[in-house]
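Following: one structure in C-alpha cells, then a few remarks.
The values are calculated or read from the model by the stated rules, or taken from the named source; none is laboratory data. Since this is a predicted model, take the numbers as computed values, not measurements. FYI the Cβ positions are ideal-geometry reconstructions off the backbone, even for glycines, and counts take in every protein chain you see.
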Number of protein chains: 2
Amino acid sequence: MTERNLKVVLGSRPEGKPTVDNFRVEEGPLPVAAEGQVLVRNQWLSIDPYMRGRMMDIRTYAEPVALGDVMVGDTAGVVVASRHPDFAPGDPVAAYLGWQRFGVAEGGALRRVDPRIPLSVSLGAAGMPGVTAWVGLLDLCQPKAGETVVVSAASGGVGSVAGQLARIAGCRVVGIAGGADKCRHVTEALGFDACLDYRAEDFRQQLKAAVPKGIDCIFDNVGGPVLEALIGRINPFARVTLCGAISEVDNPSPTGLRRLLPLIVNRVKLQGFIVGDHLERWPVAIADLSGHVAAGRIRYHETLAEGLEAAPQALLDLLAGRSLGKQLVRIP
Amino acid sequence: MTERNLKVVLGSRPEGKPTVDNFRVEEGPLPVAAEGQVLVRNQWLSIDPYMRGRMMDIRTYAEPVALGDVMVGDTAGVVVASRHPDFAPGDPVAAYLGWQRFGVAEGGALRRVDPRIPLSVSLGAAGMPGVTAWVGLLDLCQPKAGETVVVSAASGGVGSVAGQLARIAGCRVVGIAGGADKCRHVTEALGFDACLDYRAEDFRQQLKAAVPKGIDCIFDNVGGPVLEALIGRINPFARVTLCGAISEVDNPSPTGLRRLLPLIVNRVKLQGFIVGDHLERWPVAIADLSGHVAAGRIRYHETLAEGLEAAPQALLDLLAGRSLGKQLVRIP
C-alpha cells in the first residue's frame, strides 16, 4: 500500500481577515491505528464558523490550533482498519479527525452513522450543527406550540435545522438571512413561515409585519443590529439563545445591544451556549434528528467544495456568507 | 374627626429629567373602608427607582400613573379602622397605598409586619427591595459557596441586601458604588469583601485586582460601561441578574453591551426580571429576610426625608445617586 495522507495545516495566524495563505497543504505517511484505535478514510469534512476562532492564538473554551498542526474539524468516512472491537472495515463513522484524508481515532471517539441517512448528513442536520440547533432551541428556548420563533442565519447549517425544529414544535417561524436567494430557499425549501433579508432598507418594517404577535424565542447566530431589531419586538418572558455573533467577528467596533432595559421590562433570558457542554444530549438529539431527516421532516442543503485543497476557500466563503446550508468539503 | 388626607399627585409628565414641579401636593377627605377593607395611617413611604418609569406615559409591565392621580408606592403604617376580620386598629401593616397619609386597602392586599423588625424595614431589607435582592440573587443567580459575586449599586436598597445575602451564602462579594463614602459604607457597615468606585480612573485595574478568580455571578442594577467591565472578567457558566439599568435612564445614547461573544464563549446566562412576577416567593423571602435582620446578619441604612411634601425631592435624590441605603419618607 503506497497510499499517502493529505492534510491541510495552519501555516500562519491571520492578521485581520483570514486568507487562503494562512493554510498549507502537506503530504505525509498514513497514520497507524494502535490497540483500541481505528483508522478512518475521510470522505467528508465539515466547515464550520467556530474554525475562525481556532486560527487565533486565543484560548477560549478550546485550545487554538498550533502553527503547523492539522486544522481541526468534524469528518465522516469509512473504517479502513480497526483495532477496536466495535468497529470493522467498511463501517460508516463520524469523528473529529480534522482537515485530512486519513485519520486515527480512539474507538470511543467514533460515532456510528445511522444507515438511513447519507454519510454527509452526519456532519450537518444529524451532526454537530443539528445538535447545536436541537439543544439551543429545544432545551434552552423551550418553544411552545403557537409561539413565534425567529432564527437568524436561517439558511445556514445550524439555523436551517433550528427553524425546522421550531416548525415541528408547532411554532410560527421567521428566518433572517442575507439576500433574496437565501430567503427564498428558507421559505420554499425549508418551509419557514417567512424569511426576511436583513439587508433590506425596510427590514424593521418587514419584521414588524412578520411577527404580528411579537417574538417569544430568538435563536441567534449573528448579534449586532439584527439582534437589536429582534429585541425591539420581544414579548414578555421571551428566551434568547446566543449561539453565535458573526457580526462581531473581524469587526473592530461592534455595537451589540445598546439598551438592556427592554430585557428587564420583558423579563428576557439570554443564554450563551456551546454545544460541546451538552454531551449527554448528543445521543438523543442525533437519534431524533436522524429520524426527522429520514422521514423528510427536516430538509437540508449542502454547499460542496471539491478536495481538501479547496477547504481554505470554503471556510472563507462560509465566513463571508457565500455558502448556502451546510458547507462541506468532499474528499476524493 | 376633622383629620384630612394629604397626598402627592402626578401633575405633569417629565420632559427630559423629572423635576419637583411634575408633582402637586393636595388635601382631601379621609378615605372610607368598605366591607372587607382596612383604613391605614401611613407612617412610611418607600421611594424606589421604578417610580421614574411610572411617571411616563409608556405602558411596560405596569400602567403609568395617570395625571392627577396619587403617585404609587409602598407604604407602612398602622391600622386605623378595619372591616376585615384579620386586622384590628393598631396592627402594623405594609401595603401599596401610594404617596399619601391615609389609604384604604383590601385586607388581602395588606401584609402584617413581623414585630421583631422596625416598621420601616418592611419597606426595605424585609420588603420589596429585599425580596428583589432575594429572588434575583438566590433564585436566579444561585450562588455557591466560594464563588465570586459582584453587586452594582451596592449601597442601595436592593444591592445592599443582595450583597449581604451573597456573603451569608459563603461567597466573596465585591460591591460597585459611586464615591468613596458609599464604598466605605459598603465594606465597613455592610461587610462586603471589597467595594469599588466606578468613577475611579483606574476602575478596571481595581476590578481586576478585586476578583482574582473572576466573576461567577453579577447582580446588576446599572447596565452600561460598568456591566461591560464586569463581563470582561466573567467566568464560564456565570449568571447575570438584570435587575435595573439606571445608566440608560435619561440617556439618549446608551452603549449597553457592545460585544456578545464573551457571553457565548463563557456560556453566560443573563436574566431580566421583575420581582412582581414572583409573588409565590414573597412569604418565604420576607420571613427569611426578617430573620436575618432581627439577628443582625443583614444590616441596613435608611436615608430619610421628612414629610410627604419632601417626597418629590427624595425621588430626584435617589435617581441622582444622592441617597444611601433605603430612601424613605417619614409621614408625620
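Take the residues in the stretch A:220-251 that are surrounded by fewer than 20 Cβ atoms within 10 Å (Cβ to Cβ) and among the aliphatic types (A, V, I, L, M), then tell me which one is nearest to the other protein chains (Cβ to nearest Cβ). Of everything passing the filter in the stretch A:220-251, A:Val249 is nearest to the other protein chains (Cβ to nearest Cβ). Please verify whether the stretch A:108-124 includes one or more residues that are surrounded by fewer than 17 Cβ atoms within 10 Å (Cβ to Cβ), assigned to a helix (DSSP H, G or I) and out of contact with any Pro (no Cβ under 6 Å at 6 or more places or on another chain). Within the stretch A:108-124, one or more residues are surrounded by fewer than 17 Cβ atoms within 10 Å (Cβ to Cβ), assigned to a helix (DSSP H, G or I) and out of contact with any Pro (no Cβ under 6 Å at 6 or more places or on another chain).
Within the stretch A:277-332, if we keep just the residues that are in contact with a strand residue (DSSP E or B) (Cβ under 8 Å, 6 or more places away or on another chain) and among the polar types (S, T, N, Q), the residue that is farthest from A:Asp250 (Cα to Cα) turns out to be A:Thr303. Screening A:His301 on (1) over 16 Å from the mean Cα position of the chain (by Cα); (2) away from chain B (no Cβ under 14 Å); (3) of a type outside the set (S, T, N, Q) shows it passes everything except condition (1).
Residue under question is A:Val284, and the condition is that it be of a type in the set (Val, Ile, Thr), surrounded by fewer than 18 Cβ atoms within 10 Å (Cβ to Cβ), outside the structural domain of A:Leu10 (by TED's automatic domain parsing) and more than 19 Å from A:Asn221 (Cα to Cα); does it hold?
Values: of a type in the set (Val, Ile, Thr): yes; surrounded by fewer than 18 Cβ atoms within 10 Å (Cβ to Cβ): yes; outside the structural domain of A:Leu10 (by TED's automatic domain parsing): yes; more than 19 Å from A:Asn221 (Cα to Cα): yes.
So A:Val284 fits the description; yes.
If you check B:Ala200, B:Ala210, which single one turns out to be small (Gly, Ala, Ser), surrounded by 19 or more Cβ atoms within 10 Å (Cβ to Cβ), more than 16 Å from A:Gln271 (Cβ to Cβ) and away from chain A (no Cβ under 12 Å)? Let's see the steps before the verdict.
Working: B:Ala200 fails: surrounded by 19 or more Cβ atoms within 10 Å (Cβ to Cβ).
Within the list B:Ala200, B:Ala210, the selection yields B:Ala210.
When the stretch B:261-298 is filtered for residues that are of a type outside the set (Phe, Trp, Tyr), within 20 Å of the chain's Cα centre (by Cα) and facing chain A (nearest Cβ under 7 Å), the ones remaining, listed by number, are B:Leu270, B:Gln271, B:Gly272, B:Ile274, B:Asp277. If we scan the stretch B:185-196, do we find a residue that is under 29 Å from A:Thr60 (Cβ atoms), more than 14 Å from chain A (Cβ to nearest Cβ), buried (at least 24 other Cβ atoms within 10 Å of the Cβ) and more than 20 Å from the chain's Cα centre (by Cα)? Yes. If you go through the stretch B:22-57 and keep only what is closer than 28 Å to B:Asp86 by Cβ and among the acidic types (Asp, Glu), you end up with B:Glu35, B:Asp48.
Please find, among B:Pro254, B:Pro312, the residue that is touching a helix residue (DSSP H, G or I) at 6+ places or on another chain (Cβ under 8 Å), away from every other protein chain (no Cβ under 14 Å) and of a type outside the set (A, V, I, L, M).
On the way: B:Pro254 fails: away from every other protein chain (no Cβ under 14 Å).
Result of the check over B:Pro254, B:Pro312: B:Pro312.
Please indicate, with yes or no, whether at least one residue in the stretch B:315-325 is in contact with a Leu (Cβ under 8 Å, 6 or more places away or on another chain) and surrounded by 20 or more Cβ atoms within 10 Å (Cβ to Cβ). No; the residues of the stretch B:315-325 include none that is in contact with a Leu (Cβ under 8 Å, 6 or more places away or on another chain) and surrounded by 20 or more Cβ atoms within 10 Å (Cβ to Cβ).
Kindly indicate whether any position in the stretch B:256-269 is modelled with pLDDT of 95 or more, within 22 Å of B:Arg167 (Cα to Cα) and not aliphatic (A, V, I, L, M). There is at least one residue in the stretch B:256-269 that is modelled with pLDDT of 95 or more, within 22 Å of B:Arg167 (Cα to Cα) and not aliphatic (A, V, I, L, M).
Checking the structure you have, find out if any residue of the stretch A:128-139 is at pLDDT below 95 and either in contact with a strand residue (DSSP E or B) (Cβ under 9 Å, 6 or more places away or on another chain) or in a loop (DSSP other than H, G, I, E, B) (or both). Taking every residue of the stretch A:128-139 in turn, at least one turns out to be at pLDDT below 95 and either in contact with a strand residue (DSSP E or B) (Cβ under 9 Å, 6 or more places away or on another chain) or in a loop (DSSP other than H, G, I, E, B) (or both).
Taking the criterion of being touching a residue at least 60 places away in the same chain (Cβ under 8 Å), buried (at least 17 other Cβ atoms within 10 Å of the Cβ) and part of a helix (DSSP H, G or I), would at least one residue in the stretch A:260-268 satisfy it? For the stretch A:260-268, residues touching a residue at least 60 places away in the same chain (Cβ under 8 Å), buried (at least 17 other Cβ atoms within 10 Å of the Cβ) and part of a helix (DSSP H, G or I): absent. Has the stretch B:143-158 got any residue that is assigned by TED's automatic domain parsing to the domain that holds B:Ala200, under 25 Å from B:Gly272 (Cβ atoms) and in a helix (DSSP H, G or I)? No: the stretch B:143-158 contains no residue that is assigned by TED's automatic domain parsing to the domain that holds B:Ala200, under 25 Å from B:Gly272 (Cβ atoms) and in a helix (DSSP H, G or I). Looking only at the stretch B:132-180, which residues are among the polar types (S, T, N, Q) and either under 16 Å from B:Ala194 (Cα atoms) or surrounded by fewer than 24 Cβ atoms within 10 Å (Cβ to Cβ) (or both)? Across the stretch B:132-180, the qualifying residues are B:Gln142, B:Thr148, B:Ser152, B:Ser155, B:Ser160, B:Gln164.
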